[in-house]
Structures are given as C-alpha cells and as structure tokens.
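The values are calculated or read from the model by the stated rules, or taken from the named source; none is laboratory data. Because the structure is predicted, anything quoted here is derived from the model rather than measured. When we count neighbours, we look across all protein chains shown, and the Cβ atoms used for this are built from the backbone with ideal geometry, even at glycine. Note: accessible area is taken over every heavy atom of the protein model, side chains too, but ligands, DNA and RNA are not part of it. Shrake-Rupley method; radii C 1.70, N 1.55, O 1.52, S 1.80 Å.
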Amino acid sequence: AAGVIQSPRHLIKEKRETATLKCYPIPRHDTVYWYQQGPGQDPQFLISFYEKMQSDKGSIPDRFSAQQFSDYHSELNMSSLELGDSALYFCASSLYGGAHSNEQFFGPGTRLTVL
Amino acid sequence: GNSVTQMEGPVTLSEEAFLTINCTYTATGYPSLFWYVQYPGEGLQLLLKATKADDKGSNKGFEATYRKETTSFHLEKGSVQVSDSAVYFCALIYNFNKFYFGSGTKLNVKP
C-alpha cells in the first residue's frame, strides 16, 4: 500500500540558509500534519492543513511557513536556519471523517542538519 | 488540556523478560490512544492502538488496554527480544486533531 512520502530524506544546510521539505500524503488523504523531533525529544506538532487551508498551528517559528497544494502535497519552508533547527521532521496524513480519521500515517521523516 | 505522561527510561531488560511501559493521559473527552515505536535513525511506526475504553490493542506480542477509569494505556509484552530494542512513544489524538506524544521510553534488551 502507498505510504506517506517525504523528500529529501536527508538535508544539510548552513546557518542562515533556507530549506524546503516536501510531503506527499497517502492518495485521497486530505489532511497533512508536520511534526519536529529534536535529538532525544518527542515529536512536537508544528502545523496542519485540511483541504489546503491551515487547520491548526503549534510551536512553529515565524521563520517557518507551510502550505498545502491542490494535489494535497505539502511543503514546509524554513528560512534563516539556526543550529537548533537540526531535527527530524515528520509529515503525517489522514482522511478527515474517514473510518480511521483519528489515525495519522507517518512518513519516514526528513533529517535536517544545520551546520 | 491534553497530555501524555510515560515512564522515563532507559529500561534495560534481559531477553525473554516481561516488559511494562507505563503511560497515563489527560484529555478532554475520549481520545484515541496509540503506541508508536522508533528504531534508531528511523521514523515512527504504529505499534498498536485503541479507540475506546476497554479496547485492547495488540501487535507482535505487544498489548495495551485503554483504561478510562485510570486514564492509562500501559504497554506490555510477555517475552522481549533483542530486536525489540527501540524507543516507544505513547500518544493520544482527540477529535481529528494533532497528536500529543509522551516523552518516549528507550528500551534496551540484552541477550
């Protein structure tokens, strides 16, 4: 079965650079969530989208922005990168109102390293 | 608000030992409860879930029962293997919203 796809899987950037992370949800899923997991930390919710509209916002820095496109894929844009942004970024998708709507399917994550 | 508290690790066990990882939650309403496992350098894998009180989730020998009266969802396995070494996250989701994760418990199983 198709899973959530994230790209790239690994990314190395310098301080103050920008990065774009992409997430392709499971086909027909309309809701996307972004989480950030720092080293040795639990995943923290950043932001979510439902039907291309932001549905919830967590601890996402102002330097970050995200959007969901008409094909439901999502991109997380990160600017002025800081060392503390080094983390594993997960995307998850779900189908709102579906039989398993209270379950999110996680992608493998993008590991961002800021030098 | 919603939150998850799970026992701190690391937990170190010998192979074939019994495993319990405690998880309690605070939630408004009736959440769905999950256990995720994360192997080194990998993403989150769903281990098991329960969507209502008294439901028991089970997978690969792991079990957890949704206890509304004690707001708990403890993870158990009768006989652990070295391959079970990983970090385990308890999590809840409520009303089609975001996940709330516990802090994770690292399990080390020694041969």
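Per-structure values
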quantity	calculated
Taking all pairs of distinct alpha-carbon atoms in chain A, Kirkwood radius in angstrom	14.0 Å
Segment B:1-59 - charge dipole about Cα centre, Lys and Arg +1 at Cβ, Asp and Glu -1, debye rounded to 20	280 debye
At most 10 other Cβ within 10 Å, DSSP loop - trypsin sites (Lys or Arg not before Pro), segment A:1-53	A:R16, A:R28
Per-selection Kirkwood Rh - the protein assembly as shown (Cα, Å, 1 d.p.)	18.1 Å
Solvent-accessible area buried by A and B, counting both chains, probe 1.4 angstrom, square angstrom	1700 Å²
Sulfur and carbon atoms: percent of accessible area, segment B:64-111 [1.4 Å]	48 percent
B:D55-A:I5 pseudo-label distance in nm [points 7 Å out on the Cα-to-Cβ vector]	3.0 nm
Accessible-area composition of chain A, carbon plus sulfur, in percent [1.4 Å probe]	51 percent
Environment charge of A:P108, counting only residues whose C-beta is closer than 13 Å and scoring Lys/Arg +1, Asp/Glu -1	+2
Candidates B:K60, B:K49, B:K77, ranked by Gaussian network fluctuation over chain B, Cα under 10 Å, top entry	B:K60
Solvent-accessible heavy-atom area per residue, rounded to whole Å², over segment B:1-93 at 1.4 Å	47 Å²
Of A:G84, A:G58, A:G40, the one that fluctuates the most in a GNM where chain A has Cα springs shorter than 10 Å	A:G40
Per DSSP, loop GluC sites (Glu not before Pro) in segment A:17-115 with at most 14 further Cβ within 10 Å	A:E17, A:E51, A:E82
Average accessible area per residue (Å²) across chain A - probe 1.4 Å, nucleic acids and ligands excluded	49 Å²
Entries of B:K52/B:K106; A:K22/B:K106; A:K13/B:K52 with Cα pairs more than 32 Å apart	A:K13/B:K52
Computed label-point distance, nm, for sites B:E69 and A:D71 using a 7 Å Cα→Cβ extension	5.3 nm
